[in-house]
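Contents: one structure, followed by commentary.
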Amino acid sequence: MPHTRASDIPSPSHEEGGVPEPPPVSPTLADAIAALVHVTIENARLLREIAQSNQNMVHNQNMVQGNHGRNHNRQEAMYVDFTDTRPLVFTKADEPLEADDWLQTMEQKFDLIPCTEMQKPIFAAQQLRGVAGAWWANLVAMQQAGILITWAEFRTAFRAHYIPEGVMAMKLDEFLALRQGDQTVMQYVDRFNHLSQYASEHVNIDAKKKKWFMRGLNTKLQIMMTACANVTYHEAVNIAITSEEMYWQHKEIKKKKSVPSGSFGGNQKRQKIVCHPVNHYRPPYRPPQFQAEQQSNVRPAITYPNSQ
């Protein structure tokens, strides 16, 4: 065995810090628990971030597809898409135009969603109630088996049933013959605007509408509005209302002026005063027999000769 000197044994190096690093210390139980808690908290944070990210993705997808996740980019709409437009229910129509308004409203709703011509009558039929629903059931029963009704066919049948041409012609004649008569201007205007819906060709421009309105006014108002040739329809209505009010005010003032100033209570009549005599003696009434008997019982007057 070779002999070595103490100087030959390598000493600890001091080149990289002098003192060598101590050996690692074994972790205690508290350190292990703390590390485990930290990992658990970190995992929970990551899970929350993932959940939030998924939620944002779903929300963005719904915004693209539409409310409640309905995709309006598809070729055909669903019934729930139609109900989202809040369509009106139709039961009956007291006026033909009420049915026409409902039909036009349905077409406006269909413009908001991708409905096919076969879906439109099916969706619209769900809004029919009462006698209108019975009409639809009868229309379907008249079709051949397997044949679906298109929207054009639905609209034609609906208008023929609820908006007959004969009634429309009657309403037009009523408009053409409309006169103010005993109505006030406001009452006449309401009736004129209502019937003008059936006479679109006669009121399609402002000049025509004003012409037919002036034509139906009373003669007195027409004379008072002779100078109103360059006004619009709405201006003519306002002038007619004002003129009518001024006419009645003038008539009321004239009526008050015709009452005599010395009269009491305006149109009250004077009472006729009859004077009866006071303390006027009237003999009691006696039958003629009683008067004759009374006269027979009267003694004759005694006369004495005049003394000489």
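Figures for the structure shown
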{"quantity": "Count - residues of the range 135-167 that are touching a strand residue (DSSP E or B) at 6+ places or on another chain (Cβ under 7 Å) and among the small types (Gly, Ala, Ser)", "calculated": "0"}
{"quantity": "Filtered residues of the range 138-184 (kept if of a type in the set (Gly, Ala, Ser) and exposed (fewer than 11 other Cβ atoms within 10 Å of the Cβ))", "calculated": "ALA141, ALA145, GLY146, ALA160, GLY166, ALA177, GLY181"}
{"quantity": "Residue match in the range 188-209 (condition: modelled with pLDDT under 95, of a type in the set (Val, Ile, Thr), more than 23 Å from the chain's Cα centre (by Cα) and part of a helix (DSSP H, G or I))", "calculated": "no"}
{"quantity": "Filtered residues of the range 168-187 (kept if in a loop (DSSP other than H, G, I, E, B) and either in contact with a strand residue (DSSP E or B) (Cβ under 9 Å, 6 or more places away or on another chain) or of a type in the set (A, V, I, L, M, F, W, C) (or both))", "calculated": "ALA177, LEU178"}
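Rundown of residues vs (1) within 19 Å of GLY181 (Cα to Cα); (2) assigned by TED's automatic domain parsing to the domain that holds TYR188; (3) exposed (fewer than 13 other Cβ atoms within 10 Å of the Cβ); (4) not polar (S, T, N, Q), yes/no style:
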{"position": "ARG215", "(1), (2), (3), (4)": "yes, yes, yes, yes"}
{"position": "ASN218", "(1), (2), (3), (4)": "yes, yes, no, no"}
{"position": "GLN222", "(1), (2), (3), (4)": "yes, yes, no, no"}
{"position": "ALA229", "(1), (2), (3), (4)": "no, yes, yes, yes"}
{"position": "HIS234", "(1), (2), (3), (4)": "no, yes, yes, yes"}
{"position": "TYR247", "(1), (2), (3), (4)": "yes, yes, no, yes"}
{"position": "GLU252", "(1), (2), (3), (4)": "no, yes, yes, yes"}
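The values are calculated or read from the model by the stated rules, or taken from the named source; none is laboratory data. Here the structure is a predicted model, which is why all the values come from computation and not from measurement. Heads up, the Cβs are rebuilt from the backbone with ideal geometry, glycines too, and the neighbour counts pull from every protein chain shown.
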